[in-house]
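Worksheet for the structure shown next.
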Amino acid sequence: MGMSATAGAQGGGRRGRRARRHRAIAEINMTPFIDVMLVLLIIFMVAAPLIATGVPLDLPQTGAKPINVDQKPVTIAIDGKGQIFLQDEPTLEPDIVTKLQSLAKQGFDERIYVRADKLVDYGRVASVMSTITAAGFKRVALVTEPAAR
């Protein structure tokens, strides 16, 4: 009977020290959190280009290098039937200019990308491009698929 009741209650014995050493930690473990974030980043990097295409087109293939785009570009698509889409919404050729002027944040310096199915007549694509440039937009570019190697 050499031990008093107060010494055991204050954690003076072996049991008291061990209980303090193995308590639950209330902090988040960062390693699994970072792993999950990296996996989500990779998934979004792979999925983002698939989301960017609106109207399904069979684009012609060229050896041109891709253009880096910092913001969502203004796109005009012409499908295989010759129908025109401005930002994935159907539109008529005479209405392109007024809709472009309302969409262009940088005014006439806005870059406009024209995507056309390879089955579309070249004259149709040239007509749409001339309508855009006649309205004052000078930065018009054609979008193609990279050539298969």
* Asked: For region 88-98, what does the Karplus curve 6.51 cos²θ - 1.76 cosθ + 1.60, with θ = phi - 60°, yield as ³J(HN,Hα) per residue in whole Hz, taken in order and with x for Gly and Pro?
  -> 6, 10, x, 8, 9, 4, x, 8, 4, 4, 5
* Segment residue 83-residue 24, extension gain: residue separation times 0.36 nm, minus the distance between their alpha carbons -> 14.8 nm
* Asked: Taking the Cβ-Cβ separation of residue 93 and residue 48 as r and a Förster radius of 22 Å, what is the calculated FRET efficiency to the nearest 0.05?
  -> 0.10
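Only the coordinates and a few stated rules stand behind these numbers; no lab work does. Quantities reported herein were computed from a predicted structural model and do not represent experimental measurements. Here the Cβ is made from the backbone with ideal geometry for all residues, glycine too, and neighbour counts use every protein chain on show.
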